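K.L.:
Can you keep this structure in mind? I'll have questions shortly.
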Amino acid sequence: MPTVKAARPTEIFARDDWVRLTHVSPSRGLWLTLHGWLTTAVVLAGTALLWDWHWLAGLVAFPFAIAIVGGRQLGLSILMHEGAHGLLHPNRKVNNFAGQWLTGAATGSDLHSYRAYHLTHHRYTQQPEDPDLALSKPFPTTPESMKRKVFRDLTGQTFLKQRSGQMVAAWLGLKAMLRGSPSTEGKGKRDTSAGTALNRGGAAGVSAPVTDLDGAIRTTKTVGRFLLIQLIVLVASLLTFGIIPFLIWTIALATTFQLFLRIRNIAEHACTTTGSEDPFTHARTTYANLWERTTVAPYWVNYHSEHHLFMGVPCYNLPKAHALLLAEGMDKRMTIASGYRDVLKQVTRPAAA
C-alpha cells in the first residue's frame with residue numbers, strides 16, 4: 001500500500017503564515033512542560049491541604065483531583081508526542097531530553113521507540129499498514145462494549161494489564177543486561193516494537209510485543225525511568241504533605257489517565273474514512289470546552305486533523321492553522337466534531353436486532 005498523500009501547505013497558506021505556523025519556540029514547549037507539572041503539584045498540594053483541614057472537604061475534592069491530575073498526565077504524554085516530532089524545542093538535544101525525561105518518563109513511554117513507531121502511523125494513516133489501526137478499527141461499537149471499556153479503565157484493569165506486560169519485558173531485558181548479553185542494535189534492522197506497550201495513539205495504549213533482545217533492554221530502561229519518576233513523586237509527597245498527593249498521582253495514573261487516553265484515541269480516528277486518498281479525511285478535529293481541555297484534550301491535541309495534515313506545526317500553533325483552514329473553506333473536506341460527547345455518540349451504536 002502506498003503512503004498517504006500529504007497536504008501541500010503552499011497551496012493553502014501564504015508563505016509568511018506557513019513560516020509562523022512552523023516556528024518552534026525555544027520557550028513555549030518547555031513552558032508547557034512546566035505548566036503540566038506545576039498544575040499537577042498545585043492540585044495535589046491543594047487536595048492534601050483540604051484533607052488536613054477537614055476530611056470531608058478532602059473527600060469531596062478527591063475525585064476532581066484524580067480527574068485533573070489524570071488530564072495532566074495525559075498532557076505530559078502529549079508533550080512527549082511533541083518531542084517525538086521535534087517540536088518541544090529547536091535544539092534536538094534539549095528536545096529529546098524534555099521528551100524523554102521531563103514528559104515521557106512520567107507515564108512510562110520511551111521517546112525514541114515511540115518516534116519510529118509513530119512516524120509509521122503518520123506515513124500510513126488509516127491504511128492497512130497503520131500500526132494504530134487497531135485503535136480505530138473496532139468502532140463503531142455497542143454501548144455495552146463501551147461501558148465495559150470504561151469500567152476496565154476506571155477500575156485499573158487496563159493499567160495492570162499494560163504494566164504487567166511491560167514489567168515482564170523489562171525483567172527479560174534486565175536479566176540480559178546482568179548477563180552482559182551483547183546488543184545487536186545498529187547491526188541490523190532496529191526493532192521499534194519494544195517500549196511501545198504504552199505508546200500507541202500518542203502515548204499509551206495496546207501492548208506491543210518485544211521481538212528481540214534490544215527491545216527488551218530498551219523496555220528495561222523505559223521502566224527504570226518510569227520507576228525513578230514515581231520515586232521522586234513519592235519522596236516529594238512524603239517530605240511535604242504526606243502520602244495523599246502520591247496516592248492521588250498513582251490512582252490517576254491507573255484510572256483517569258487510562259480513560260482519558262482511550263477517549264482521546266477514539267476521537268482522533270474512529271469512524272473516519274479508512275483507505276482514503278484525501279489527506280483531509282484521515283483524522284478528526286474535535287472542538288473542546290474548558291473541562292475537556294482539562295481532561296481528554298490537553299495542549300490542543302483535539303486539533304488532530306491539522307496535526308496530520310501538517311505534522312511540523314507545534315501544538316500551540318494548531319488553533320491558528322485551524323482558523324486559516326476555515327478561512328479557506330477547507331472545513332468542508334475535514335471531519336470536525338462539536339465535542340467529545342458528540343464523538344462518543346457517533347462511535348457507539350446499539351447492536352442490530
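K.L.:
Counting only residues that are in contact (Cβ under 8 Å) with a residue 60 or more places away in the chain, give me the helices (runs of 4 or more DSSP H) lying completely in the range 1-120 with at least 3 of them.
P.N.:
On the way: elements: 15-21, 28-53, 55-84, 92-97.
Helices (runs of 4 or more DSSP H) meeting the threshold: 15-21, 28-53, 55-84.
K.L.:
What number of residues within the range 1-39 are polar (S, T, N, Q) and touching a Pro at 6+ places or on another chain (Cβ under 9 Å)? Spell out the reasoning first.
P.N.:
Our first condition is that a residue be polar (S, T, N, Q); within the range 1-39, this holds for 3, 10, 22, 25, 27, 33, 39.
Next, only the ones that are touching a Pro at 6+ places or on another chain (Cβ under 9 Å) stay: 22, 25.
Result for the range 1-39: 2.
K.L.:
Further question on the same structure: In the range 65-119, which residues are under 18 Å from His307 (Cα atoms) and basic (Lys, Arg)?
P.N.:
Arg115
K.L.:
Additional query: Could you tell me which residue of the range 32-51 is surrounded by the most Cβ atoms within 10 Å (Cβ to Cβ), considering only residues that are over 21 Å from the mean Cα position of the chain (by Cα) and not hydrophobic (A, V, I, L, M, F, W, C)?
P.N.:
Thr47
K.L.:
Related question: Anything in the range 134-168 that is of a type in the set (Asp, Glu) and either outside any helix (DSSP H, G or I) or touching a helix residue (DSSP H, G or I) at 6+ places or on another chain (Cβ under 6 Å) (or both)? List them, or say none. Outline the logic, then answer.
P.N.:
Taking the range 134-168 as the starting set, the residues that turn out to be of a type in the set (Asp, Glu) are 144, 153.
Answer for the range 134-168, where residues must be of a type in the set (Asp, Glu) and either outside any helix (DSSP H, G or I) or touching a helix residue (DSSP H, G or I) at 6+ places or on another chain (Cβ under 6 Å) (or both): just Asp153.
K.L.:
Then there is this: If you check Ala323, Ala337, which single one turns out to be on the phi < 0 side of the Ramachandran plot, in contact with a strand residue (DSSP E or B) (Cβ under 7 Å, 6 or more places away or on another chain) and at pLDDT 95 or above? Working first, answer last.
P.N.:
Details: Ala323 fails: in contact with a strand residue (DSSP E or B) (Cβ under 7 Å, 6 or more places away or on another chain).
Sole residue among the options that is on the phi < 0 side of the Ramachandran plot, in contact with a strand residue (DSSP E or B) (Cβ under 7 Å, 6 or more places away or on another chain) and at pLDDT 95 or above: Ala337.
K.L.:
Would you be able to tell me the number of residues in the range 300-339 that are within 26 Å of Leu88 (Cβ to Cβ), small (Gly, Ala, Ser) and surrounded by fewer than 17 Cβ atoms within 10 Å (Cβ to Cβ)?
P.N.:
Here the count works out to 2.
K.L.:
Then there is this: Check Ala351 against each of (1) surrounded by 15 or more Cβ atoms within 10 Å (Cβ to Cβ); (2) in a loop (DSSP other than H, G, I, E, B) and name the one condition it does not meet.
P.N.:
(1)
K.L.:
With respect to Ala267, determine if the residue is in contact with a strand residue (DSSP E or B) (Cβ under 7 Å, 6 or more places away or on another chain) and over 18 Å from His85 (Cβ atoms). If you could, list the steps in order and put the result at the bottom.
P.N.:
Values: in contact with a strand residue (DSSP E or B) (Cβ under 7 Å, 6 or more places away or on another chain): yes; over 18 Å from His85 (Cβ atoms): yes.
Spelling it out, Ala267 is indeed in contact with a strand residue (DSSP E or B) (Cβ under 7 Å, 6 or more places away or on another chain) and over 18 Å from His85 (Cβ atoms).
K.L.:
If you don't mind, there's one more thing I want to ask. Among what's in the range 13-30 and is buried (at least 17 other Cβ atoms within 10 Å of the Cβ) and hydrophobic (A, V, I, L, M, F, W, C), pick the residue that is nearest to the chain's Cα centre (by Cα).
P.N.:
The extreme case among them is Leu30.
K.L.:
Another question, then. For the subset of the range 240-299 comprising residues that are outside any helix (DSSP H, G or I) and of a type in the set (Gly, Ala, Ser), which member is surrounded by the most Cβ atoms within 10 Å (Cβ to Cβ)? Show your work before the answer.
P.N.:
At the first step, the residues of the range 240-299 found to be outside any helix (DSSP H, G or I) are 241-243, 255, 270-278, 282-289, 295-297.
Still in the running and of a type in the set (Gly, Ala, Ser): 242, 270, 275-276, 283, 288, 297.
On the way: Gly242: 13, Ala270: 20, Gly275: 11, Ser276: 15, Ala283: 23, Ala288: 22, Ala297: 27.
Per the criteria, the residue is Ala297.
K.L.:
Within the range 66-83, is there a residue that is of a type in the set (Ser, Thr, Tyr) and more than 23 Å from Phe260 (Cβ to Cβ)?
P.N.:
Of all residues in the range 66-83, those of a type in the set (Ser, Thr, Tyr) come to 77.
Now restrict to residues that are more than 23 Å from Phe260 (Cβ to Cβ): none.
No: zero hits.
The values are calculated or read from the model by the stated rules, or taken from the named source; none is laboratory data. This is a predicted model, so every value here is computed, not measured. For neighbour counting, all protein chains shown are included, and Cβ atoms are generated from backbone atoms with ideal geometry for every residue, glycine included.
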